[in-house]
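Each remark here refers to the structure printed beneath this line.
The values are calculated or read from the model by the stated rules, or taken from the named source; none is laboratory data. What you are looking at is a predicted structure, and each value in this text was computed from that prediction instead of being measured. Note that each Cβ is placed from the backbone with ideal geometry, even for glycine, and that neighbours are counted across all protein chains shown. Heavy atoms of the whole protein, side chains included, go into the accessibility calculation; ligands, DNA and RNA do not. Shrake-Rupley method; radii C 1.70, N 1.55, O 1.52, S 1.80 Å.
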Amino acid sequence: MTDNPIFKTIEDTINNNDVVLFMKGTQEQPMCGFSATVVQILNILDVPFHDVNVLADNDIREGIKQYTDWPTIPQLYVKGEFIGGCDIIKQMYEDGELQPLLAA
C-alpha cells in the first residue's frame, strides 16, 4: 500500500501522531459541519490531536478515502487505527465508548 507516495505521507502522519483527524478545514476553523462536530467532541474530551486539512491538498483528500476505503471526511485515527467518520465518532461518544479509547 505504501508504494503510492500519498499513502506513504498519510501513513507517516498517522504513525507519528497519537490522534489524527483528516478533516475539511482546521481545528481552529472547521469548514464543514461534520468536521466541526468531531472537533467539538475532541475538544470536550480535552484530547490534543493533529489535524490534516484535506481542502489544502486534493491528493490527500482523495488519497485518504482510498487508503481507508471510506468515502467520507472527516476520518479519525487513534494510535494508528482508523476509528471512523462523524456519525461513528458521535455515536461512540454518546455511548461512552470513545472516552476510554482516547484515554488509553
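What the table below lists for this structure:
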item	result
Strands (runs of 3 or more DSSP E) enclosed by the chain - at least 1 residues per element that are among the hydroxyl-bearing types (Ser, Thr, Tyr) and open to solvent by less than 30 Å² (accessible area, probe 1.4 Å)	75-78
Contacts under 7 angstrom Cβ, first residue in the range 62-78 being within 17 Å of Pro30 (Cα to Cα), partner open to solvent by 50 Å² or more (accessible area, probe 1.4 Å) and among the hydrophobic types (A, V, I, L, M, F, W, C), 6 or more apart	Pro74/Phe34; Gln75/Phe82
